[in-house]
Amino acid sequence: MVKQKDIFWKAAIFTLVVFLLGVSLGYLLEGSRVKSIRDEYKRIEIEWADAKLLNSYYQTLNPFLCGAAVKENLEFADRVYNEGLKLERYERSNKLNDELLIDKQRYALLKVEFWLNSILIKDKCNVDYVNLVYFYKDKPKEKEKVEQETQSIILRELKEEHGSNLMLIPLPLDLNISMINVMKNAHNISKAPSLLINEKLKLEGIYNVEKLNKIIKEDG
């Protein structure tokens, strides 16, 4: 009887130790994932800080320097777009916790900064690239989630087709960011997914590549 009790307690202790080790390992892995994603956001933030400085420069842009400014802005757009794809992969492969909310808000604000830069250069230098803002929800309902995933795939294909001639700028509607709230109210954006082309044409719902190409051509 004593032996059976000893076996029972030993088994219970062993199970508890294994459980605690599993929980600890889970925390370590989650912490490692969060750190990795945080590092990625910080690196992106440096690039967007560069965009802020560029914005100040573009405010007083000399027309003779438009060629260099447009070239840098287009190259910067491609770098940002590729980094955005990388962050999407992080989000799909990791369960992000609320600690990253501030990072996501910061990243969204920096994307707004880039949008403003793109508008400014386009106006000052009279270039014909397309600004396409994609409004989505960070925490969508089930139907919205399916529609957003579909529209994201379509937009990725559209971006690959147009390359540097298309500024694709995804912005979240539901992260409680005042600047984005002002912009979505100014353009009457209330649903996700929604698209805004060249700051004047609003589209709600899902649009395929063929339809978007036709709209962009007519708008241009």
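The values are calculated or read from the model by the stated rules, or taken from the named source; none is laboratory data. Quick caveat, the model's predicted, so the values are computed rather than measured. Neighbour counts run over all protein chains shown; Cβ positions are idealised from the backbone, glycine included.
Odds and ends about this structure:
- Residue tally, condition free of Cβ contacts under 8 Å to residues at least 40 places away in the same chain and over 18 Å from E199 (Cβ atoms), over segment 166-175: 1
- Of note, V133 satisfies the criterion of being modelled with pLDDT of 85 or more, out of contact with any Lys or Arg (no Cβ under 6 Å at 6 or more places or on another chain) and within 16 Å of I180 (Cα to Cα).
- Being among the charged types (D, E, K, R) and modelled with pLDDT of 95 or more is a property that K211 has.
- Count of residues meeting criterion [part of a loop (DSSP other than H, G, I, E, B) and of a type outside the set (S, T, Y)] in segment 203-220: 4
- Every condition in (1) assigned by TED's automatic domain parsing to the domain that holds N213; (2) modelled with pLDDT under 90; (3) crowded, with 17+ Cβ neighbours inside 10 Å holds for Y107 except the one numbered (1).
- Only residues that are of a type outside the set (S, T, N, Q), touching a residue at least 60 places away in the same chain (Cβ under 8 Å) and either touching a Leu at 6+ places or on another chain (Cβ under 6 Å) or outside any helix (DSSP H, G or I) (or both) were counted in segment 138-165, giving 1.
- Looking only at segment 134-143, and only at residues there that are within 15 Å of L175 (Cβ to Cβ) and either out of contact with any Ser or Thr (no Cβ under 7 Å at 6 or more places or on another chain) or of a type outside the set (F, W, Y) (or both), the one that is surrounded by the fewest Cβ atoms within 10 Å (Cβ to Cβ): K139
- Residue count, segment 150-173 (criterion: more than 28 Å from A69 (Cα to Cα) and loosely packed, with under 13 Cβ neighbours inside 10 Å): 1
- From the options A49, A68, residue that is at pLDDT 70 or above and either in the same structural domain as I189 (by TED's automatic domain parsing) or of a type in the set (A, V, I, L, M) (or both): A68
- Test: E149 is closer than 22 Å to D78 by Cα and within 17 Å of the chain's Cα centre (by Cα): yes
- Filter result (outside any strand (DSSP E or B), within 13 Å of F135 (Cα to Cα) and touching a strand residue (DSSP E or B) at 6+ places or on another chain (Cβ under 9 Å)) within segment 178-202: I180, M183, K184, H187, N188, I189, S190, K191, A192, P193, E199
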